[in-house]
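Below: the structure, in structure tokens.
The values are calculated or read from the model by the stated rules, or taken from the named source; none is laboratory data. Bear in mind that the values here come from a model prediction, so they are computed numbers and not experimental data. Because the Cβ atoms are built from the backbone with ideal geometry, glycine has one as well, and the counts that use them run over all protein chains shown. SASA here: full protein model, heavy atoms, side chains in, ligands and nucleic acids out. Shrake-Rupley method; radii C 1.70, N 1.55, O 1.52, S 1.80 Å.
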Amino acid sequence: MTTPPHSIVVGASLAGLRATQALRAGGHQGPLTLIGAVTANRAARITTYRTRLAEHLATHTSP
């Protein structure tokens, strides 16, 4: 059995979130890494995006 590939999405904005959602919706089962620069003003938004992503992945990930 082979290990699914690790995908990296550069950009932790809404576009990055949507890209990770599209990967999962398309059947990607490997690990995902979301990379982005965090400034003090964006920290709260990024936390919200990550929370939404975690909630989405928890409900849409195959066992």
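For the chain, with all protein chains present and a 1.4 Å probe, just round the carbon and sulfur fraction of the accessible area to a whole percent.
Numbers: 2660 of 4470 Å².
Of the solvent-accessible surface of the chain, carbon and sulfur hold 60 percent.
In degrees between 0 and 90, to the nearest 10, how far off the longest principal axis of the chain does helix 43-60 point, with axes built from Cα atoms?
So the inclination is approximately 20 degrees.
Order 27-36, 2-11 from most to least packed using the mean count of other Cβ atoms within 10 Å.
27-36, 2-11
The list (i) 33, 23, 16; (ii) 44, 21, 15; (iii) 56, 28, 16 gives values of Cα extents along the principal axes in Å, and only one came from this structure; which label was calculated from it?
(ii)
Assuming 0.36 nm per residue, please report the length gained on full extension of the stretch Thr3 to Ala19 beyond their Cα-Cα distance.
Gain on extension, Thr3 to Ala19, equals 3.7 nm.
Name the residues whose placed amide hydrogens come within less than 5 Å of the amide hydrogen of Val9, ignoring near sequence neighbours (fewer than 5 apart) on the same chain.
Answer set, sorted by chain and number: Thr33, Leu34, Ile35.
Extension gain His56-Ala44, at 0.36 nm per residue separation less the Cα-Cα distance, in nm?
Full extension of this stretch gives 2.5 nm more.
Would you mind checking the tilt of helix 14-25 against the longest principal axis of the Cα atoms of the chain, expressed as 0 to 90 degrees and rounded to 10?
For helix 14-25, the angle is close to 10 degrees.
Please give the per residue accessible area of the chain, computed with a probe of 1.4 Å over protein heavy atoms only, in Å².
Numbers: 4470 Å² over 63 residues.
Roughly 71 Å² per residue, with all protein chains present.
How much net charge surrounds His56 when only the other residues with a Cβ under 12 Å from the Cβ of His56 are counted, with Lys and Arg +1 and Asp and Glu -1? Mind showing how you got there, number by number?
On the way: positive: Arg18, Arg24, Arg50, Arg52; negative: Glu55.
Net charge around His56: +3.
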